[in-house]
Amino acid sequence: MSDVITVRIQRKTKEKPKKYDINVSATVRKALEDHLNEVEQKDLDERLARAKRFGEKIDFELLTKLIREDRESHWCSFSMPRVRRRVRPPNLQANR
C-alpha cells in the first residue's frame, strides 16, 4: 500500500529535473528512504551505547547468584507441595 506526499518547491527547481530527464518520484523516494535508514541507524547506535554504559555497571556474578537463589527458593516451594490429609477420628472410621 502506498500514500501520496505533496511537496511545495520553487518553479525553477521543478523545471530542472525535466531538463535532465530525472524521475523525480524515484529520486525523492530513494532520498527519503536513505535519510530514514540513516536516522534509524543513529538511533540504534545511541541505544546500543546507552545499553553498553548500563551493562558496565552490572556485577554479573552477583546477578547470577541472585537469580539462582530466587529460582531455588521457588523450586523448593513448588516442587514439594504440602498435602494435608484429613484424619478421621477412630470412632468415625468404622462408619465408612
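The values are calculated or read from the model by the stated rules, or taken from the named source; none is laboratory data. Fair warning: this is a prediction, and the values are worked out from it, not measured in the lab.
Residue check, Pro81 against (1) part of a loop (DSSP other than H, G, I, E, B); (2) modelled with pLDDT of 65 or more; (3) not aliphatic (A, V, I, L, M), all met but one. Which one? Status for Pro81: all satisfied but (2). Given Thr64, Thr13, Thr27, which one is modelled with pLDDT of 95 or more and in a helix (DSSP H, G or I)? Being modelled with pLDDT of 95 or more and in a helix (DSSP H, G or I) holds for just one of Thr64, Thr13, Thr27, which is Thr27. The residue that is nearest to Val4 (Cα to Cα), among those in segment 30-60 that are in a helix (DSSP H, G or I) and among the basic types (Lys, Arg), is Lys30.
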